[in-house]
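The next block holds one structure in the form of structure tokens; read it before the comments.
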Amino acid sequence: MALAHSPRIVTDGLVLCLDAGNLKSYDKYENLLQQSQALATSPWGIYSGGGFSVSNNVTSAPDGTFTASQINANPYTAGDSVYQDVSVSGTGTYTLSIFVKGGTCDSITLAAFYTGNSTQGFSFGFNPLTGTITGGSGTVVPYPNGWYRIYFTVTGTNASNNTLRFQIYTDTTGITYLWGAQLEKGSSLTDYYPTTTIAKNRGTTWTDLSGNGNNGTLKGTTTFNQNTIDLGNTQNTTNYILLPNSLISGITDFTISLWVNAVSITSGSLNCIFHATNTGGNDFSIEWYNNRIQTLITSTYSTFNYTFANNTWYNFVFYRTSGNTMGLYINGVSQGTQSCPSTTFNISGAIVMGQEQDGVEGGFQSVQSYVGKYANVLYYNKALTASEIQQNFNALRGRFGI
């Protein structure tokens, strides 16, 4: 949480504090699988050539409970496996994981298949006795008592393939222990979350830590990803963050701080990272290009030139002071000031981050969408001083390697 950093962020005038690096601000937990610890229980299914079986509660799990499952091929037949199907986005990115411990079997295969209109598969081999990958690509994390957590990430390419199957094959005769299967949106592995008959979806609320209740709402497939809020890797009209339209109303002098990381800013297209409107006009927006960033109030731009790079974290701090002067800091360094309208905001339409509105929370165009991530958003009902801006930057910069 930003408020817990040292030095602390400025709290005087703070109206909004969104911090994806703090669990109090966002629920990161997700497991789209059911019965994650009981692989002999529906909706898990079994393919058996005659000698393959699955049993629940056979041995101690990594958390110390007697809840680990066992798969046993005796004798082994090609195709012996346990699997579960989940409805997904056919073009989504998902991370699959499971805890594995060797018994007497020295070879298993983990696989994922997008199915529907066609089939797209991913798989890799693993030796649970030695903890080594024997083919394909995955990641292994050792745990005590012979357990390993293994995971891999897949991305679909066909929107019609709306089912993802997580399948664990045994490749030889023998026993393997399994526990804690998990499927989650995004490319990052998070802490294991156990499920029974109900899957766990991540929340869509990005909670305001300032205590003012100005919570953000994640729209589309916007998701938590490695302590960030990720709007995806391609331009679209579905992913954005909705903020309360009262957030900036009645305010003349203000400061807005954004920690952002764009996937393709060097393409030169517009990335709209903040947009407020009454009826579809540009009451207030922040527009980011490869060689400049600018604010737009009604029809007047305040433009700051800067050369940006892809996949790089930037802290943008815009402040309006004396009603008609717009200033900008990038990564703690002043970029000067520009004149701007002294309009007092009165937003009755919508405030969104990640899309440019030509209507109230609508009229989006993919070529104007922001493709990238947010990590921290602060909004103040005053213009911060240079020392206050530096204090906030120093409080968070270490998180981003700056």
Checklist entry - Mind checking whether some residue in the range 287-294 is in a loop (DSSP other than H, G, I, E, B), over 28 Å from the mean Cα position of the chain (by Cα), farther than 24 Å from residue 396 by Cα and not acidic (Asp, Glu)? => result no
Residue 281 meets each of (1) in a loop (DSSP other than H, G, I, E, B); (2) over 17 Å from residue 373 (Cβ atoms); (3) at pLDDT 90 or above with one exception, condition (3)
For the structure I just gave you, tell me whether residue 95 is among the polar types (S, T, N, Q) and assigned to a loop (DSSP other than H, G, I, E, B). no
**Asked** If you go through the range 84-93 one residue at a time, do you hit one that is more than 24 Å from the chain's Cα centre (by Cα) and touching a residue at least 12 places away in the same chain (Cβ under 8 Å)?
**Response** no
Discussion item. Tell me whether the range 372-381 contains one or more residues that are in a loop (DSSP other than H, G, I, E, B) and either surrounded by fewer than 16 Cβ atoms within 10 Å (Cβ to Cβ) or among the hydroxyl-bearing types (Ser, Thr, Tyr) (or both).
Written reply: no
Of the residues in the range 254-278, those that are surrounded by fewer than 19 Cβ atoms within 10 Å (Cβ to Cβ) and in a strand (DSSP E or B) number 1
Checked the range 65-83 for anything of a type in the set (Val, Ile, Thr), part of a loop (DSSP other than H, G, I, E, B) and closer than 23 Å to residue 198 by Cα; matches are 65, 67
- Within the range 253-263, is there a residue that is modelled with pLDDT under 90, more than 25 Å from residue 341 (Cβ to Cβ) and small (Gly, Ala, Ser)? no
The strands (runs of 3 or more DSSP E) lying entirely within the range 119-217 that contain at least 1 residues which are among the aromatic types (Phe, Trp, Tyr) are 119-127, 147-155, 163-170, 174-185
Checked against (1) surrounded by 20 or more Cβ atoms within 10 Å (Cβ to Cβ); (2) in a strand (DSSP E or B), residue 86 satisfies every condition except (1)
If you go through 318, 393, the only one that is modelled with pLDDT of 95 or more, part of a helix (DSSP H, G or I) and in the same structural domain as residue 220 (by TED's automatic domain parsing) is 393
If we keep only residues of the range 19-55 that are more than 32 Å from the chain's Cα centre (by Cα) and crowded, with 17+ Cβ neighbours inside 10 Å, then the residue nearest to residue 75 (Cα to Cα) is 52
Sole miss for residue 136 among (1) in contact with a Ser or Thr (Cβ under 6 Å, 6 or more places away or on another chain); (2) surrounded by fewer than 19 Cβ atoms within 10 Å (Cβ to Cβ); (3) at pLDDT 95 or above is condition (3)
All-but-one check, residue 16 against (1) in contact with a helix residue (DSSP H, G or I) (Cβ under 8 Å, 6 or more places away or on another chain); (2) surrounded by 21 or more Cβ atoms within 10 Å (Cβ to Cβ), failing number (1)
Taking the range 144-201 and keeping residues more than 20 Å from the chain's Cα centre (by Cα) and either of a type in the set (Asp, Glu) or at positive phi (or both) leaves 145, 146, 171, 174, 180
Counted residues in the range 137-148 being small (Gly, Ala, Ser) and free of Cβ contacts under 8 Å to residues at least 24 places away in the same chain come to 1
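The values are calculated or read from the model by the stated rules, or taken from the named source; none is laboratory data. Just so you know, these numbers come straight off a predicted model, no measurement behind them. Glycine gets a Cβ as well: all are built from the backbone with ideal geometry, and neighbour counts include every protein chain shown.
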